[in-house]
Amino acid sequence: MAIIAPKGTKDTLPSQVYKWHYVEKKFSEICDKYGFKEIRTPAFEHTELFQRGVGDTTDIVQKEMYTFNDYANRSITLKPEGTSPVARAFIEHKQYAEVQPTKYYYITPCFRYEKPQSGRLRAFHQFGIEIFGTTNMLADADVICLGYDFLHEMGIEDIQLRINSVGCPECRKKHREALRKFLEPVYDQLCNTCKDRYERNPMRILDCKSEICQELVKDAPNMIDYLCDECKSAFDDVQKNLDAMGIEYVVDPRIVRGLDYYTKTAFEFVTDSNGTQGTVCGGGRYDHLIEEIGGPPIPGVGFGLGIERLIMLMEENNVEIPEPEPVKAFIAVMGDDAKAFGLKLLRDLHKKGVKAEMDTLARNIKGQFKYADRLGAQYTVVIGDNELAEGVVAIKEMAKSEQRQVKLDDLLEELAK
Ligand code: ATP
Ligand code: MG
């Protein structure tokens, strides 16, 4: 039996890959415009990085990681998200000693053992950005604004920005107690995961995807009602900054992010689309992450954006993505001398930056024309012994079925035009 791809993974065939090139290029361009520099980190890390960086009580660490022991018995994990590896690299290469803040962007594969569904894969891809080294809410607004502008530039019109504050360890303590008190009478009705969350990190219950739990927490106390003065004023600042930038948002007290070390700002970009599980981009501030993984106390803020979900939304919105240019010149040859001439011409065209191809299946001339047609070639150049002798070739413009004679000496110039 033929081997097929593992469940939850997807191939991107050439007929689709141009969409990826397009969004990757646009994302790089907008990041560059905002002053973010690209960083690339390995596909796997020491498991401990994610245990500490993402957090032991999260779904990711508890049940979604691809973890294995390598041949030297080290525990290795395929990266489930982009932030912790980038933070690890930031510390390891002492980037905090450079001019601050540090602004990174990344494009990365991610691996999570989840139940595959539309918009939920086991091997997927993320765009992400991070700003390390500032607690100023201008950075939070900068991060949100980049996400906002990018999603709009990609033609996702019906997207909504939802923001919240998850406070700091201090004010969260009070909220945690209030939440436990609220949930105590319904503890038995919580799903098993949430029973565990109740003990370890009850705020995560607000993010549970089970309908029963969602119903149970409907009137649960919200974090924003428990914010300390500092967190409250930070949340006000983010909103002021977003207002100043003309960015529309709604405050959604139910947004809690999946990572344990999120502090203060939390946000998501959501749509009504079922196929994408609602959220296309999520992020926030994580002032204790870098310390948690062994670095100095340096704050951070950033987001992760699912590329598969983004492309799915663009398709649903019928966004036109420019298709790649077809072959400009197909060189059809008859006879050995023509073949040798054609090969040389092909090389010269490539050197001049012209998209050009020749047949490699020894087709007859009729077959070569058909093939040129299938490729969508703009022009077909016909070279035979006669043409070589007379120093003239025929160039056929395929779309118009028009043909004209061009001197061999002028051919290169003509096609490179
Ligand atoms: P969800 O609530 O949908 O599980 P999440 O909170 O786990 O999302 P993040 O960890 O914030 O997601 O990742 C950022 C983005 O990465 C998500 O908004 C989504 O677009 C994308 N993403 C997350 N998990 C997957 C997955 N399994 N398959 C495809 N895209 C994903
Ligand atoms: Mg998830």
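The values are calculated or read from the model by the stated rules, or taken from the named source; none is laboratory data. Computed from a prediction, not measured in an experiment: that's the story for all the values here. Positions of Cβ are generated from backbone atoms using ideal geometry, with glycine treated the same way; all protein chains shown enter the neighbour counts. Heads up: the accessible areas ignore ligands, DNA and RNA and are worked out on the full protein's heavy atoms, side chains in. Shrake-Rupley method; radii C 1.70, N 1.55, O 1.52, S 1.80 Å.
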Output the residue which, of all residues in the range 31-80 that are among the aliphatic types (A, V, I, L, M) and closer than 30 Å to Pro202 by Cα, is surrounded by the fewest Cβ atoms within 10 Å (Cβ to Cβ).
-> Ile76
How many residues does the range 75-88 contain that are among the polar types (S, T, N, Q), free of Cβ contacts under 8 Å to residues at least 60 places away in the same chain and within 16 Å of ligand 1 (Cβ to nearest atom)?
-> 1
Among the residues of the range 90-129, how many are open to solvent by 50 Å² or more (accessible area, probe 1.4 Å), among the charged types (D, E, K, R) and within 16 Å of ligand 2 (Cβ to nearest atom)?
-> 1
Selection within the range 30-83 - within 16 Å of ligand 2 (Cβ to nearest atom) and of a type in the set (Lys, Arg) | Lys63, Lys79
Output the number of the condition that Leu415 fails; it satisfies all remaining conditions of (1) open to solvent by 30 Å² or more (accessible area, probe 1.4 Å); (2) assigned to a helix (DSSP H, G or I).
-> (1)
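The rows are residues; the columns are (1) of a type outside the set (A, V, I, L, M); (2) away from ligand 1 (no atom under 16 Å from the Cβ).
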{"residue": "Ile91", "(1), (2)": "no, yes"}
{"residue": "Lys94", "(1), (2)": "yes, yes"}
{"residue": "Glu98", "(1), (2)": "yes, yes"}
{"residue": "Ile107", "(1), (2)": "no, no"}
Could you figure out which of (1) open to solvent by 40 Å² or more (accessible area, probe 1.4 Å); (2) assigned to a helix (DSSP H, G or I) isn't true of Ala87?
-> (1)
When the residues of the range 137-161 are filtered to those that are more than 15 Å from Gly304 (Cα to Cα) and either without any contact (Cβ under 8 Å) to a residue 24 or more places away in the chain or among the charged types (D, E, K, R) (or both), which remaining residue is most open to solvent (accessible area, probe 1.4 Å)?
-> Glu157
Would you please list the contacts, defined by Cβ atoms under 8 Å and residues six or more apart or on different chains, that run from a residue in the range 366-386 that is open to solvent by 50 Å² or more (accessible area, probe 1.4 Å) to a residue that is part of a helix (DSSP H, G or I) and among the charged types (D, E, K, R)?
-> Asp385/Asp337
Would you call Ile290 in contact with a Pro (Cβ under 9 Å, 6 or more places away or on another chain) and surrounded by 14 or more Cβ atoms within 10 Å (Cβ to Cβ)?
-> yes
State whether the residues of the range 259-277 include one that is part of a helix (DSSP H, G or I), under 16 Å from Cys171 (Cβ atoms) and of a type in the set (Lys, Arg).
-> no
Residues of the range 236-257 satisfying the condition of being open to solvent by less than 60 Å² (accessible area, probe 1.4 Å) and touching a Cys at 6+ places or on another chain (Cβ under 8 Å) = Leu242, Ile247
Scanning the range 196-219 for residues that are under 33 Å from the mean Cα position of the chain (by Cα) and more than 16 Å from ligand 2 (Cβ to nearest atom) gives Asp196, Tyr198, Arg200, Pro202, Glu211, Ile212, Glu215, Val217, Lys218
If the Cβ limit is 8 Å and pairs must be 6+ apart or interchain, which residue in the range 274-286 that is farther than 12 Å from Ile131 by Cβ and more than 15 Å from ligand 2 (Cβ to nearest atom) pairs with which residue that is at pLDDT 75 or above and assigned to a loop (DSSP other than H, G, I, E, B)?
-> Asn274/Ser118; Gly275/Ser118; Gly275/Gly119
Would you say Gly8 is open to solvent by less than 30 Å² (accessible area, probe 1.4 Å), of a type outside the set (Asp, Glu), within 20 Å of the chain's Cα centre (by Cα) and not assigned by TED's automatic domain parsing to the domain that holds Pro109?
-> yes
Could you please find all residues in the range 387-399 being of a type in the set (Asp, Glu) and open to solvent by 50 Å² or more (accessible area, probe 1.4 Å)?
-> Glu390
Which one is nearest to ligand 1 (Cβ to nearest atom), of the residues in the range 37-74 that are assigned to a strand (DSSP E or B) and free of Cβ contacts under 8 Å to residues at least 24 places away in the same chain?
-> Thr67
Report, by residue number, each residue of the range 295-310 that is in contact with a Gly (Cβ under 7 Å, 6 or more places away or on another chain) and open to solvent by 40 Å² or more (accessible area, probe 1.4 Å).
-> Arg309
Being part of a helix (DSSP H, G or I), out of contact with any Lys or Arg (no Cβ under 8 Å at 6 or more places or on another chain) and within 27 Å of Met65 (Cα to Cα) narrows Glu199, Glu170, Glu184 down to just Glu199
Picking from Gly275, Gly284, which residue would you name as being in contact with a strand residue (DSSP E or B) (Cβ under 8 Å, 6 or more places away or on another chain) and within 12 Å of ligand 1 (Cβ to nearest atom)?
-> Gly284
Of the criteria (1) out of contact with any Leu (no Cβ under 9 Å at 6 or more places or on another chain); (2) surrounded by 15 or more Cβ atoms within 10 Å (Cβ to Cβ), which one Leu313 fails = (1)
